[in-house]
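The values are calculated or read from the model by the stated rules, or taken from the named source; none is laboratory data. The shown structure was predicted, so the numbers you read here are calculated from the model rather than taken from an experiment. So basically every Cβ, Gly included, is an ideal-geometry build from the backbone, and we count neighbours across all protein chains shown. Keep in mind that these areas ignore ligands, DNA and RNA; they rest on the heavy atoms of the full protein, side chains included. Shrake-Rupley method; radii C 1.70, N 1.55, O 1.52, S 1.80 Å.
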Amino acid sequence: MDTGQMDQVKTTTEKFMDTAISWLKDFLPNLIGAIIILIVGMWLSGLIANIVSKAMKRAKIGTEVVTFVHSFVKIALKVLVIVAAVGTLGFNIASLITALGAATVAIGLALQDTLKNVASGITVLVNKPFKVGDYVQISGFEGTVTRIDIASTHLLTLDNKEVIFPNSNITVNNITNFSSQEKRRVDLVFGVAYDSDLKKVKNVIGDVISGNEKILKDPEPFVAVSELADSSVDFTVRVWCKTKDYWDVFFYMKETVFKSFGENGIVIPFKQIDVHNS
C-alpha cells in the first residue's frame, strides 16, 4: 500500500470516528434518559398499582376485582413507560402509537370471543351475582362456585364434577343463587292413605318440626292438605332454616317423618293401578 492509499484510509477512519463520537454525544444522553425512564417508570408502575389495590381493599371491593384492576393498571402504566422511553431515543411516538393501535385492532378481531368473556367477567366481578363458596344454578348445572376468573367461572357439582363456564355464557343466562339469602325455605310433600286421621297426621308432622332446633319459628312452619291425589292425600310442608342448614333440615324431615308415620300407624300408600280384564 503506497503513501497515498494509507493517507486515504487514515482520513476515512478519522471521519468515521468523528461521526461515531458525534453520534454518541447526541445519542448517549437520550439512551441514559431512556434507561432512567424505564427503571423509574417500571418501579412507579408497580407502586401505583399497589396503591390502587390497597385503596380498593379498604373500600371492601371483592378480591377478584382488585386482582384484575391491579394487573390492568400495572400493564397499562408499563406500556406508557415503554412508549415514553422509545420517544426519548428519538423515535416518532405518533407513528409508534398508530402502529400499536393497528396491532390492537388486529388482536381484538382475532380474540373477539376471549375479549367478550373478559368483558363479561368484569360485569360478573362488579355486579357480584354470586361469590366463591355460593351454591348456584347456571344453565341447568347446580354446584358450588370454586373460582371466578376474568374469563371463566368454575363450578363444582354435588357429584364432584367441575363445570367451567365462559363468563359470556353466564351474563346471558338466568342465575339462581341459593346462598345469597340468610334464610331458605324447605318445601316437602308427604302423602298418606285416604282413611288417615288428617288431624293426627298434622300433629305428627308438627312434632317432627318441633324436634329440630335448626327449623326456625319465624317464619312460622306451614302444614296443610294440598292435593287429593289418585292414591293419597298429599300434605304440603314448608319450613324455614338458615341457608347453611338447608340440606340437614331437608334430610331430617324426610327420614323423621317417615319413621314417625310408621310409629303412629299412619300409612304411606303405594301408587295403585286398577287393571280390568275385558
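In this structure, does residue 95 turn out to be modelled with pLDDT under 75 and either surrounded by fewer than 17 Cβ atoms within 10 Å (Cβ to Cβ) or not small (Gly, Ala, Ser) (or both)? Show your work before the answer.
Working: modelled with pLDDT under 75: yes; either surrounded by fewer than 17 Cβ atoms within 10 Å (Cβ to Cβ) or not small (Gly, Ala, Ser) (or both): yes.
Considered against the rule, which asks whether it is modelled with pLDDT under 75 and either surrounded by fewer than 17 Cβ atoms within 10 Å (Cβ to Cβ) or not small (Gly, Ala, Ser) (or both), residue 95 comes out as yes.
How many of the residues making up segment 232-257 are farther than 8 Å from residue 215 by Cβ and assigned to a strand (DSSP E or B)?
Residues flagged as farther than 8 Å from residue 215 by Cβ and assigned to a strand (DSSP E or B) within segment 232-257 amount to 7.
Kindly indicate whether any position in segment 150-159 is modelled with pLDDT under 95, in a strand (DSSP E or B), crowded, with 17+ Cβ neighbours inside 10 Å and among the hydroxyl-bearing types (Ser, Thr, Tyr).
The first filter runs over segment 150-159 and keeps only residues modelled with pLDDT under 95, leaving 150-159.
Among the residues that remain, those that are also in a strand (DSSP E or B) are: 152-156.
If we keep only those that are crowded, with 17+ Cβ neighbours inside 10 Å as well, we get 152-153, 155.
Restricting the remaining residues to those that are among the hydroxyl-bearing types (Ser, Thr, Tyr) gives 152-153.
Yes, that holds for at least one residue.
For segment 226-249, name all the residues that are farther than 12 Å from residue 185 by Cα, aliphatic (A, V, I, L, M) and surrounded by 14 or more Cβ atoms within 10 Å (Cβ to Cβ).
233
For residue 217, are the conditions met, namely being assigned to a loop (DSSP other than H, G, I, E, B) and free of Cβ contacts under 8 Å to residues at least 12 places away in the same chain?
On the way: assigned to a loop (DSSP other than H, G, I, E, B): yes; free of Cβ contacts under 8 Å to residues at least 12 places away in the same chain: yes.
So residue 217 fits the description; yes.
Limited to segment 160-202, what total is found for residues that are outside any strand (DSSP E or B) and of a type in the set (D, E, K, R)?
Matching residues across segment 160-202 total 7.
Just to check your reading of the model, which residue among 185, 147 is surrounded by fewer than 18 Cβ atoms within 10 Å (Cβ to Cβ), closer than 21 Å to residue 126 by Cβ and among the charged types (D, E, K, R)?
Result of the check over 185, 147: 147.
Given the criteria at pLDDT 95 or above and open to solvent by less than 20 Å² (accessible area, probe 1.4 Å), does residue 223 qualify?
Details: at pLDDT 95 or above: yes; open to solvent by less than 20 Å² (accessible area, probe 1.4 Å): no.
For residue 223, the condition - at pLDDT 95 or above and open to solvent by less than 20 Å² (accessible area, probe 1.4 Å) - is not met.
Within segment 107-130, can one find any residue that is modelled with pLDDT under 90, assigned to a strand (DSSP E or B), open to solvent by less than 60 Å² (accessible area, probe 1.4 Å) and of a type outside the set (Lys, Arg)?
We begin by selecting, within segment 107-130, every residue modelled with pLDDT under 90; these are 107-130.
From what is left, the residues that are assigned to a strand (DSSP E or B) are none.
The answer is no, given that none of the residues of segment 107-130 is modelled with pLDDT under 90, assigned to a strand (DSSP E or B), open to solvent by less than 60 Å² (accessible area, probe 1.4 Å) and of a type outside the set (Lys, Arg).
Pairs needed: first member in segment 22-50, more than 30 Å from residue 70 (Cβ to Cβ); second member anywhere, of a type in the set (S, T, N, Q) and at pLDDT 70 or above; C-beta distance under 8 Å; at least 6 residues apart or different chains.
30/88
Looking only at segment 188-217, which residues are open to solvent by 80 Å² or more (accessible area, probe 1.4 Å), touching a strand residue (DSSP E or B) at 6+ places or on another chain (Cβ under 8 Å) and farther than 20 Å from residue 259 by Cβ?
Once the filter is applied, which keeps residues that are open to solvent by 80 Å² or more (accessible area, probe 1.4 Å), touching a strand residue (DSSP E or B) at 6+ places or on another chain (Cβ under 8 Å) and farther than 20 Å from residue 259 by Cβ, segment 188-217 yields only 194.
From the residues in segment 51-78 that are of a type outside the set (Lys, Arg), open to solvent by 70 Å² or more (accessible area, probe 1.4 Å) and modelled with pLDDT of 80 or more, which one is farthest from the chain's Cα centre (by Cα)?
51
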